[in-house]
Structures are given as structure tokens and as C-alpha cells.
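Student: Sharing a structure, written as C-alpha cells. Questions coming.
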Amino acid sequence: MILVTGATGSIGRHLVRRLADRGVEFRALVRDAAKGRALGCDHVVGDFDDPGSLTAAFDGVDRLFLNGPGAQAVDGEQPMVRQIGAAIDAAVAAGVERVVKISVWHAAPGGRLSEGAHGELDRRLAATDLHWTVLQPSGFLQNLLGPAAFTSDGRLISRYGDGPISHIDCHDIAACADVLLTGPARPGETFVLTGPEALTDAQLADRVAAALGRPVGRVALTPGDLATALAGQGAPIGFAEDLAELLRGAAAGSLAEVTTAVPDLLGRPARTVDEFLADNLTELRKSADGQGS
Ligand SMILES: NC(=O)c1ccc[n+]([C@@H]2O[C@H](COP(=O)([O-])OP(=O)(O)OC[C@H]3O[C@@H](n4cnc5c(N)ncnc54)[C@H](OP(=O)(O)O)[C@@H]3O)[C@@H](O)[C@H]2O)c1
């Protein structure tokens, strides 16, 4: 039995659909029973913040897809370290055999962002006897559908200067997780997952414009602007500083490489930005018109 955590999220929802379509036995962990019913699959209510609920959720589970919330700065800490750490503990206690964990590209212990938190968690997972595989994706194309992608007048918010980013479609991350959960195990391996091309924000805005059939302007925010805005919203100063540092690295090309991990695992090319935009046009329009999620 596979347990899918983060089942309602950007990767999990694709994974759930894939497993269900093939009749693979799995259970989704959800915090809200109504969301579980909407998924339309076997589900169990549980919360990383309630370790007791995880004990019940892990009953009979031998394989785990481990994913949860992204970066949040709460009192200068990343709650995901405690939350995903509780799920790793529950997996060990339940005798789970195989774990596929979502991490992030350039994860390394230290710092206050998700890279530091995932670095700590990946190291913790590696110290267990679990058969773990770690997926370290580049930036998600699905971020274009979120609330921080466009200004209220429909311009793309550009954070990476002229740094090209090899964005990935979460559909491909889910497909890789599927292969690693249901195919031969790849214990002890870490895969950096990227899309098939690296685009600057200017090139991305042009692709979005072509998909929407209207011009798409850009608002360029410098790392310093973002750090100041975040600090103004109450984010701890260290978080804002670390984010500025991360964005400076991306502007200098730290997320530009295109890896072969997706085609190697799936036996087909990674999905392109244009395929993603065409498949998500309705949501993209809402996001760009200021009515997104
Ligand atoms: N966004 C990117 O570009 C990017 C790039 C590389 C790596 N990542 C990593 O990808 C992961 C997913 O990030 P995302 O922003 O795309 O999130 P997401 O998968 O869209 O959503 C997070 C999922 O975790 C669940 N969740 C949240 N809090 C939980 C809790 N306390 N207990 C159990 N489940 C909980 C949510 O369920 P509910 O429906 O109940 O909220 C949701 O299903 C993160 O680890 C992030 O660091 C993100």
C-alpha cells in the first residue's frame, strides 16, 4: 500500500490521478476530509502537526510519497523540518520499505529557506534504514498559476534578473515519483529534475503572451526590493536576506542547467513550457487577469 502525502498539492494531485487510472493500491493523506472526498480515492485524514494521526495513517503502508508545504518563515524557522521530520519518524516506526521524497534543487543544510530545511531533512532521511530516493526539482511552472506570478494589471513579476530557469511541469515530477514508487527501487539516489529548456523571465513572458494572445509586460523586482518588501510584511530579516541571496544566485544562472533525469526516468522528453501553457490556459488566464488562486 502506497501512502501519498501532499495529495492535494501541485505534484500530489497528478500522482493520485496516475495511480488511480492504473488501479494501483494507494491511500491519500489529507488534512480535510472534504478534500479527500473531492479527490475521489481512498483517503485518510491526518496532519504532520499531529503525529498521532500519522500513526493511524501509516497502518499497512510499505511505500511513501513524501511531500508537504513549501517555505514558510514562522518565527525564523521552517515548520517543514518538524512536519516532514514527523512523517519520517512515522515511516520508520511503521516499517515502511520505500520512500520517495520531494526536496528542492540545491538543497543543503543551513540557511532559513526551503533549501536549508530540505537539506536537513534529506540528511535525516539518509540516516535511516529506509530505502529512500530524493527528487530535487527546479522551479515549478505551476507557480505561474499562483497568486504571486502576476501584478493586478496582468504583468509577469520577474524575480531572477536575466538568469535562465529550467522550470519543470509538476506533471513530470509526479510521473517520476510514480516510476520510482511502482517500478524498480532506486535506493540512495538523488535526482535533479528540470524541464527541457531554460528561459529567462523575458522569454517566459513572451511565451505566456503567445499563449494568451495578448502582450504580457514584466515588472522586474530586484532581490533587494523583494527583501525589503518581505521584511515590511513581517518576515524575519534573516529570511529576507537568504531569499535575496538565493535570487541573486538564480540571476547568475544557478537554476539554468537542463538535466537528463526526467527523460532518463520516463523514457520520453520532459514537458515543454508551451505544452504546460496550452494545457493550463484557463487557469493561466485567471492568474494573469488577477483572479487566480
Ligand atoms: N514551488 C516551487 O517552485 C518548488 C520548487 C522546488 C521544490 N519545491 C518543494 O515542493 C514541495 C511542495 O511545494 P508546493 O508549494 O508546491 O506545495 P503543494 O504541494 O502545492 O501543497 C502542499 C501540500 O502539503 C499539504 N500540507 C500542508 N500542510 C500540511 C500538514 N501540516 N500536514 C499534512 N499535509 C500538509 C497540503 O494539503 P492541504 O490541501 O491540506 O493544504 C498540500 O497537499 C515543497 O517541499 C517545496 O519546498 C517547490
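Student: If you go through the range 164-185, how many residues are in contact with a His (Cβ under 9 Å, 6 or more places away or on another chain) and open to solvent by 10 Å² or more (accessible area, probe 1.4 Å)?
Tutor: 2
Student: For A71, indicate whether it is of a type in the set (A, V, I, L, M), free of Cβ contacts under 8 Å to residues at least 24 places away in the same chain and farther than 11 Å from A87 by Cα.
Tutor: No; evaluated as a whole, the condition is false for this residue.
Student: Can you tell me which residue among L144, L135 is within 11 Å of the ligand (Cβ to nearest atom), hydrophobic (A, V, I, L, M, F, W, C), part of a strand (DSSP E or B) and at negative phi?
Tutor: Answer to the check: L135.
Yes/no per residue for (1) among the aromatic types (F, W, Y); (2) open to solvent by less than 30 Å² (accessible area, probe 1.4 Å); (3) under 21 Å from W105 (Cβ atoms):
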position	(1), (2), (3)
L3	no, yes, no
G12	no, yes, yes
D32	no, no, no
R37	no, no, no
P51	no, no, no
V61	no, yes, no
Q83	no, yes, yes
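Student: Restricting the range 14-30 to residues that are loosely packed, with under 15 Cβ neighbours inside 10 Å and over 16 Å from V179 (Cβ atoms), which is farthest from the ligand (Cβ to nearest atom)?
Tutor: G23
Student: Right, next: Which residues, taken from the range 167-195, are assigned to a loop (DSSP other than H, G, I, E, B) and over 22 Å from T222 (Cβ atoms)?
Tutor: D169, G183, P184, A185, R186, P187, G188, T194, G195
Student: Right, here's the next one. Check A107, A148, A126 and return the single one that is open to solvent by less than 30 Å² (accessible area, probe 1.4 Å) and either aliphatic (A, V, I, L, M) or at pLDDT below 95 (or both).
Tutor: A107
Student: Using beta carbons and a limit of 8 Å, which pairs, at least six apart or on different chains, have the first residue in the range 143-159 and in contact (Cβ under 8 Å) with a residue 60 or more places away in the chain and aliphatic (A, V, I, L, M) and the second one open to solvent by 60 Å² or more (accessible area, probe 1.4 Å) and assigned to a strand (DSSP E or B)?
Tutor: L156/R218; I157/R218
Student: Considering the range 91-114 alone, what residues qualify as being closer than 24 Å to C176 by Cα and either within 13 Å of the ligand (Cβ to nearest atom) or of a type outside the set (A, V, I, L, M) (or both)?
Tutor: G95, E97, R98, V100, K101, I102, S103, V104, W105, H106, A107, S114
Student: Yes or no: the range 197-206 includes at least one residue that is β-branched (V, I, T) and in contact with an Asp or Glu (Cβ under 6 Å, 6 or more places away or on another chain).
Tutor: Yes, that holds for at least one residue.
Student: Within the range 244-293, can you find the residues that are in a helix (DSSP H, G or I) and open to solvent by 80 Å² or more (accessible area, probe 1.4 Å)?
Tutor: Of everything in the range 244-293, those that are in a helix (DSSP H, G or I) and open to solvent by 80 Å² or more (accessible area, probe 1.4 Å) turn out to be E245, R248, D264, E275, D279, T282, E283, R285, K286.
The values are calculated or read from the model by the stated rules, or taken from the named source; none is laboratory data. Quick caveat, the model's predicted, so the values are computed rather than measured. As a convention, Cβ positions derive from the backbone with ideal geometry for all residues, glycine included, and neighbour counts pool all protein chains shown. In case anyone asks, the SASA skips ligands and DNA or RNA and just uses the protein heavy atoms, side chains included. Shrake-Rupley method; radii C 1.70, N 1.55, O 1.52, S 1.80 Å.
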